[in-house]
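Since the structure comes first, as structure tokens, the remarks are kept for the end.
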Amino acid sequence: MRERRVLTLLRRAGIRKFDSLRFLEIGCGTGNWLREFVKWGAAPEHVVGIDLQEQRVNEALRRLPGGVSVLCGDAASLSMTDKSFDIILQSTVFTSILDFDLRLRLASEMVRLLSDNGVIIWYDFHIDNPRNPDVRGVRKDEIKVLFPDCVVDMKRITLAPPVARVLAPCSMLLCTVLELCPLLCSHYLGTIRKAESTSRRRMKA
């Protein structure tokens with residue numbers, strides 16, 4: 001379901017072909033989303049991931065097609081040229097960053113690397129996890145502060161994990177229905193675009 005929603009977001013942004021686009025995932029882990037990019041039609045040599053943990057990077061390289069680049073390092077400070085990527089994804093990364101200044105630096109770096117008509121895909125918790133003090137939710141108002149001069153469009157998705165863990169073994173259909181209620185959803189999924197690119201699209205329309 002999450003994959004379908006991401007593809008829907010990209011289609012709404014006018015993106016339907018991926019072979020010539022440049023992809024970056026922040027906090028790529030073992031490369032699950034990077035493999036999805038290639039499956040959608042992205043050229044492996046246009047796909048880049050970065051993660052702080054060397055073990056995850058090595059596992060991602062082992063699992064991914066040749067040509068995909070996976071870097072080990074700090075995504076808040078990358079030696080890449082401006083506007084290097086058309087699609088940048090972050091999935092549950094910002095909630096693991098407790099320091100606001102570091103969140104702000106990472107957000108600024110993502111905008112710097114984004115092409116003028118590119119799209120940032122955001123998927124992350126908007127609520128805190130009371131059982132995990134190392135995670136702090138990022139709400140919509142903070143996302144807008146982190147990405148000034150950008151157009152932020154977010155929707156709540158993903159049935160809250162404590163509810164899903166109880167209900168999923170009994171009925172996936174019930175989980176799907178309950179996920180239609182935003183108040184029961186724990187994540188934001190959406191797009192972030194440079195404001196000037198949105199203005200240009202409107203002028204062309």
Any hit, the stretch 66-86, residues being part of a strand (DSSP E or B), of a type outside the set (S, T, N, Q), modelled with pLDDT of 95 or more and under 18 Å from W122 (Cα atoms): yes
Count - residues of the stretch 138-164 that are in a helix (DSSP H, G or I) and either within 20 Å of T8 (Cβ to Cβ) or at pLDDT below 95 (or both): 6
Options R4, R22, R16, R12; residue that is surrounded by fewer than 18 Cβ atoms within 10 Å (Cβ to Cβ), charged (D, E, K, R) and within 14 Å of I120 (Cα to Cα): R12
Output for the stretch 142-160, where each listed residue is under 16 Å from L98 (Cα atoms) and surrounded by fewer than 18 Cβ atoms within 10 Å (Cβ to Cβ): E142, V145
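Applying the selection to the stretch 111-129, what residues are outside any strand (DSSP E or B), farther than 19 Å from F37 by Cα and either at pLDDT 95 or above or in contact with a Gly (Cβ under 6 Å, 6 or more places away or on another chain) (or both)?
Correct list: V111, R112, H126, I127, D128.
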L10, sole failed condition from (1) modelled with pLDDT of 95 or more; (2) among the aliphatic types (A, V, I, L, M); (3) assigned to a helix (DSSP H, G or I): (1)
Output for the stretch 36-72, where each listed residue is touching a strand residue (DSSP E or B) at 6+ places or on another chain (Cβ under 9 Å) and either basic (K, R) or at positive phi (or both): R56, G67
Among the residues listed as R16, R62, the single one being assigned to a loop (DSSP other than H, G, I, E, B) and among the basic types (K, R): R16
The one condition in (1) assigned to a loop (DSSP other than H, G, I, E, B); (2) at pLDDT 95 or above; (3) surrounded by fewer than 13 Cβ atoms within 10 Å (Cβ to Cβ) that E45 fails to fulfil: (1)
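The values are calculated or read from the model by the stated rules, or taken from the named source; none is laboratory data. In this text, all values refer to a predicted model and were calculated from it rather than measured experimentally. Every residue, glycine among them, receives a Cβ derived from its backbone with ideal geometry; neighbour counts consider all protein chains shown.
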